[in-house]
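Chemist: Below is the structure I would like to discuss, written out as structure tokens.
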Amino acid sequence: MTRDSEGIKATQYAAITGWGSCMPPAVLSNNDLSTFLDTSDEWIITRTGMKERRISHVSATEMATLAAKRALACAGLNPTDLDLVIYGGVSNEELCPNSASGVQFSLGASNAASMDLNTACTSFCYGLAAATAMIQAGQVRNAVVIGVELISRYMDWTNRNVAVLFGDGAAAVVLEATDQEEGLLASVLGCDAEARHTLRVRGFGCSYSGYGITLGDTFWDFDGQQIFKRAVLGMSRASSEVLNRSALTADDISLVIPHQANLRIIESVAKHTGIPMERVMLTVEKYGNMSAATVPVALVEALSEGRIEPNSWILMPAFGGGLTYCSLLVKWGDRVTPLGESPDELPPCTESALELVNRVRGNQDPHGRSKDGLLSPTFPEMRS
Ligand code: UT7
């Protein structure tokens, strides 16, 4: 659909026409983690399937902006043609102004609406569902949906239960109205709120203001085993339900692109859903859990590796804090190659991942609390 004198109309479908990621180059290995935590390469690999993860030297906005620029170039769309920016994730520079407006400004997407969407690790998937519905309703003609996280900055690096699991990264897709039957065709979204206490990052938000807790004072409540069980249940049930609703079977799915929190969780969900691991996209080994960024980054990698066939069915199960869960059924379109490429790159990274982490650690006391408070100089270049 194009912008014409009749304005924007309701449409049936929202095609994914662009995709792009932004992976920071600095790699933090399991052995790097064991230099300051009581952990080992062997424990992390056998319990999680993770070997390394990325640590960003730039802000979440910069990662999100570059991913969005690449997705727009891939779709052949100018930033000024964009109607909506959705910033999905938990990593906000500030709550006000929102992060999406920062990305919109950096993109020069002067005609867009901009909103943040936080359902933790499922934020990109919920964003895809929300943007698709807004395009179908005729509210916008197109959207860029971003999944981005910069967890290394608010990780409690003294806590081995969580510090080994997460990494930074970003990816984005462009959605455009179409009459072709493609894009997100069915979704099951849910929230196991009874277990919301099992994954909680303390320190952000109104509950903490006025209590002398400042930037960097994050403590993680994390019950890994509970989350594990509920994640498998939520993603498996949602996947079966979305297939049932669409009268499809596991055999119709060409590729599963799941949230990448733990290889064992992914294997369990694949088994419950009846899909062999050969048809599951994995990035957990090299990127760890990037929360909202995991599904879109894996999608972009699947496309660049030629693992997505034109007109094929893709299943995207995910879960995250809340405990939100979902499974999305996407019908890919004809095109699996980009229309164009963005010339932009991240600025060079002059520090190792371990040096970047040690900068954050250097500002945390043995309990993970910041030593210097709100204006600590850990990353002064981020405060502009
Ligand atoms: O995307 C949403 C966030 N992701 C998740 O919530 C992930 C869900 N949960 C999981 O992936 C798994 O539960 C974990 C990977 C977090 C933990 O695996 P597990 O097999 O459930 O291990 P566990 O929690 O039962 O811990 C086993 C042992 C414990 O020691 P004891 O009590 O048996 O002596 C832990 O203290 O492993 C110990 N442990 C570690 N050891 C070395 C916990 N973390 C570490 C570590 N290195 N990093």
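Chemist: Determine the pairs where a residue that is closer than 18 Å to HIS272 by Cα and of a type in the set (Gly, Ala, Ser), located within the stretch 220-236, has a partner that is part of a loop (DSSP other than H, G, I, E, B) and more than 9 Å from the ligand (Cβ to nearest atom) with Cβ atoms under 7 Å apart, the partner being 6 or more residues away or on another chain.
Modeler: Note: pairs meeting the criteria are GLY234/ASP192.
Chemist: Say whether the condition of being within 16 Å of the ligand (Cβ to nearest atom), of a type in the set (A, V, I, L, M) and touching a Gly at 6+ places or on another chain (Cβ under 7 Å) is met by at least one residue in the stretch 139-148. It would help to see each step written out before you state the result.
Modeler: Of the residues in the stretch 139-148, the ones within 16 Å of the ligand (Cβ to nearest atom) are 147-148.
Filter again for of a type in the set (A, V, I, L, M), leaving 148.
With touching a Gly at 6+ places or on another chain (Cβ under 7 Å) added as a condition, the list becomes 148.
Yes, there is a match, as at least one residue in the stretch 139-148 is within 16 Å of the ligand (Cβ to nearest atom), of a type in the set (A, V, I, L, M) and touching a Gly at 6+ places or on another chain (Cβ under 7 Å).
Chemist: For the stretch 242-275, which residues satisfy the criterion of being among the hydrophobic types (A, V, I, L, M, F, W, C) and farther than 21 Å from TRP332 by Cα? Spell out how you get there, then give the answer.
Modeler: Restricting attention to the stretch 242-275, the residues satisfying the condition of being among the hydrophobic types (A, V, I, L, M, F, W, C) are 242-243, 247-248, 250, 253, 255-257, 261, 263, 265-266, 269-270, 275.
Passing the criteria: ALA261, LEU263, ILE265, ILE266, VAL269.
Chemist: In the stretch 252-364, which strands (runs of 3 or more DSSP E) lie fully inside it and hold 2 or more residues that are modelled with pLDDT of 95 or more and within 15 Å of the ligand (Cβ to nearest atom)? Outline the logic, then answer.
Modeler: Details: elements: 253-256, 313-320, 324-331.
Because the criterion is at least 2 residues that are modelled with pLDDT of 95 or more and within 15 Å of the ligand (Cβ to nearest atom), the strands (runs of 3 or more DSSP E) in the stretch 252-364 that meet it are 313-320, 324-331.
Chemist: Still on this model: Do we find that ASP221 is touching a strand residue (DSSP E or B) at 6+ places or on another chain (Cβ under 8 Å) and in a loop (DSSP other than H, G, I, E, B) in this structure? Quick ask: steps written out before the conclusion?
Modeler: Details: touching a strand residue (DSSP E or B) at 6+ places or on another chain (Cβ under 8 Å): yes; in a loop (DSSP other than H, G, I, E, B): no.
Here the answer is no, as ASP221 does not meet what is asked.
Chemist: Does SER187 meet the test of being crowded, with 19+ Cβ neighbours inside 10 Å, assigned to a helix (DSSP H, G or I), away from the ligand (no atom under 16 Å from the Cβ) and of a type in the set (S, T, N, Q)? Write out each step before concluding.
Modeler: On the way: crowded, with 19+ Cβ neighbours inside 10 Å: yes; assigned to a helix (DSSP H, G or I): no; away from the ligand (no atom under 16 Å from the Cβ): yes; of a type in the set (S, T, N, Q): yes.
Taking the combined requirement at face value, the residue does not satisfy it.
The values are calculated or read from the model by the stated rules, or taken from the named source; none is laboratory data. Small disclaimer: the values here were computed from a predicted structure and weren't measured. Ideal geometry is used to build each Cβ from the backbone, glycine not excepted, and the neighbour counts take in all protein chains shown.
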